[in-house]
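Colleague: Right, I'll just put the structure down here and ask away after.
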Amino acid sequence: MGNCFSDLEGGKQAVGAAQLRSTAAATSNNNNGGHNDAVEFFYRSRGLHPLFTQVQLSLSASNLIDRDFTSKSDPMAVVYAKKIDGKLEELGRTEVVLNSLHPEWIEKVTVAFQFEIVQPLVFHVYDVDTTYHNIPVKTLNLKDQDFLGEATCVLSEIVTKQSRRLTLNLHNKNGKRGLRNFGALTIHAEETVASRSAVEMIFRCSHLDNKDLFSKSDPFLKISRIVESGDLIPICKTEVVNNNLNPTWKPLCMSMNQFGSKDNPLIIECFDFNSSGNHVLIGKLQKSVADLEKLHKERSGANLTLPSSHYGHEKVLKGQLFVDQFCQKEQYSFLDYISSGFELNFMVAVDFTASNGNPRNPDSLHYIDPSGRLNSYQRVEGVEGIMAAYASALRNVALAGPTLFGQVINTAAQITGQSLSYTSNKYFVLLIITDGVLTDLQETKDALVRASDLPLSILIVGVGGADFSQMEQVLDADGGQRLESSTGRVATHDIVQFVPMREVHSGQISVVQALLEELPGQFLTYMRSRDIKPLSPHVPQTSA
């Protein structure tokens, strides 16, 4: 659920598609209420069954409190497991839904259901302040958001219901509703399907009805699955295509975990996006994945419909949906690659520019405290060899300037490129620890665009109190806008993750979690784009 934001552009991005959720249940998230990927792999590799059942929680709410003056609340839900000592352990967060008091969140929260124990859950709903532009929901400080309500239940209360659906009244944090209506939260639980099967499709529409007065509609597709109870569970949505009645959306990859089986009915709705949150339905249709495959093979379109004023009838529209690409594939997890023998190679670059201050002065970011207190650079958790190399370098280099990233990135890219000549089972990670503002921004962007073709991720830690807006808003493409070089070439995918150390020091996030949360996704994006599969047991592994 990483790339979901609180600003307008974030609201126009795709949500829930497999290429945006590559760190989902079977990858690197250990924070899901008892589930552990390593334990699961241990059991499955020996033909044994794990001692839990994975379920996905879908959340929706109604009649939320409106905390905004000129618009409606922008709600986000957070799910916690309540431990024996009463402490709350966060399991996951939804995306932010813009301007809505009746949100249907698409991002799911995965929980390991263990029937033999009581598993209390706590749900918090927040109105995300729109001043937090371009900030992934995982790093939002919840203390800065407006609290909209809380609900509690036991996991078994949801999964043992015939409909696997439970609606709870929201109340204040003190557990009392009082006279004020805080609205309601609905939770739906589904057992996840253990499958690597996925389908990648490119959707296109033609002759859509125009719902705007002074321009054309801004259409997006929302896909929901019909479950046994007849309820609709949203599973993904495309990005918004601005001002276009004949849109083609970016490839959408849905895993079987999302659609269940090729014969399960899906509801595909086409909306005209409005920043107010009141999206207008352009048309809809019901098709299964098998039906969509047939549309692609026959190169035919399916007409959208709208409910008619006559009960039980639908109006057939001129607008049609086409499937320009349909491709079945296996979606391997990050763990599949690592357990088969793929290697992560780690490189570290430390900023010794003069802007850090004289190491002999206590106010220097490189100050070596005689009492043994770690400086800002040393507080990045690492192995002893890195720390020793840092200490040695600090005593032998003269601090100078300016701050240049381009050369460092090019060197890392050269090392990575050389490895491709003899093996494809290595992935490289460059960690840059810096205090300052870049002076070679365009050269750095050019280097990153070139490096995006390589098996390379770049983690940047900003130490000190400098203005890191360049790093956050330009280099780290979490806002969905990919880097562009001076020649107009666009990066193939985002390879940068930036974390300001001051947020880590303030206790908002864990430095390890913040740095590594996007790494599995970047790794998988590269491997899938090159159609590189995990190593087979009988394939000899090469190394330099």
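Every read-out reported here was derived from the displayed coordinates using simple, explicitly stated rules and does not represent laboratory data. What you see is a predicted model; the values in this text were computed from it and never measured. Cβ sites come from the backbone with ideal geometry, for glycine too, and all protein chains shown count toward neighbours.
Colleague: Of all the C-alpha pairs in the range 192-320, what % are more than 22 Å from each other?
Modeller: 38
Colleague: Based on Cα coordinates alone, diagonalise the gyration tensor for the range 258-308, multiply each eigenvalue by 5, take square roots, and list the semi-axes in whole Å, largest first.
Modeller: Semi-axes (√(5λ), whole Å): 24, 14, 10.
Colleague: Still on this structure, please answer the following. Check cross-link reach from K237 to the lysines: straight Cα distance under 17 Å, and skip same-chain residues fewer than eight apart.
Modeller: K12, K108, K222, K250, K284, K287
Colleague: OK, next. Enumerate the amide H contacts of L304 below 5 Å, restricted to partners 5 or more residues apart or on another chain; note that Pro and chain-start residues carry no placed amide H.
Modeller: Distant-sequence amide H within range of L304: L317, G319, Q320, L321.
Colleague: For F428, which sequence-distant residues (separation of 5 or more, or a different chain) have an amide H within less than 5 Å of its own amide H, given hydrogens modelled in the peptide plane?
Modeller: N345, L456, S457
Colleague: For the pair A290/E343, report the inter-label distance in nm, with labels modelled 7 Å from Cα in the Cβ direction.
Modeller: 4.7
Colleague: Net charge near A302, counting Lys/Arg +1 and Asp/Glu -1 over other residues with Cβ under 10 Å of its Cβ?
Modeller: Every neighbour counted, the sum reads +1.
Colleague: Dividing the convex hull volume of the Cα atoms of the range 139-227 by its residue count, what figure in Å³ per residue is obtained?
Modeller: 271
Colleague: Further, regarding this structure: Viscosity 1.567 mPa s, temperature 4 °C: what is the translational diffusion coefficient of the range 64-207 from Stokes-Einstein with a Kirkwood Rh over Cα pairs, rounded to a whole number of µm²/s?
Modeller: So the translational diffusion coefficient is about 76 µm²/s.
Colleague: Amide H neighbours of V109 under 5 Å, counting only residues 5+ apart in sequence or on other chains, H built in-plane at 1.01 Å?
Modeller: L57
Colleague: While we're here: Count charges around T416 for me, please; just the other residues with Cβ under 14 Å from its Cβ, Lys/Arg as +1, Asp/Glu as -1.
Modeller: With Lys, Arg at +1 and Asp, Glu at -1, the neighbours total +1.
Colleague: For the pair Q442 and N169, how long in nm is the line joining their label points, each one 7 Å along Cα→Cβ?
Modeller: So the two model labels end up 6.3 nm from each other.
Colleague: Also, I was wondering about something else. Would you kindly derive the ³J(HN,Hα) couplings of the range 526-533 from the backbone phi angles with the Karplus curve 6.51 cos²θ - 1.76 cosθ + 1.60 (θ = phi - 60°), listing them in order in whole Hz, with x for Gly and Pro?
Modeller: Rounded to whole hertz, the list is 5, 4, 6, 5, 9, 6, 8, 9.
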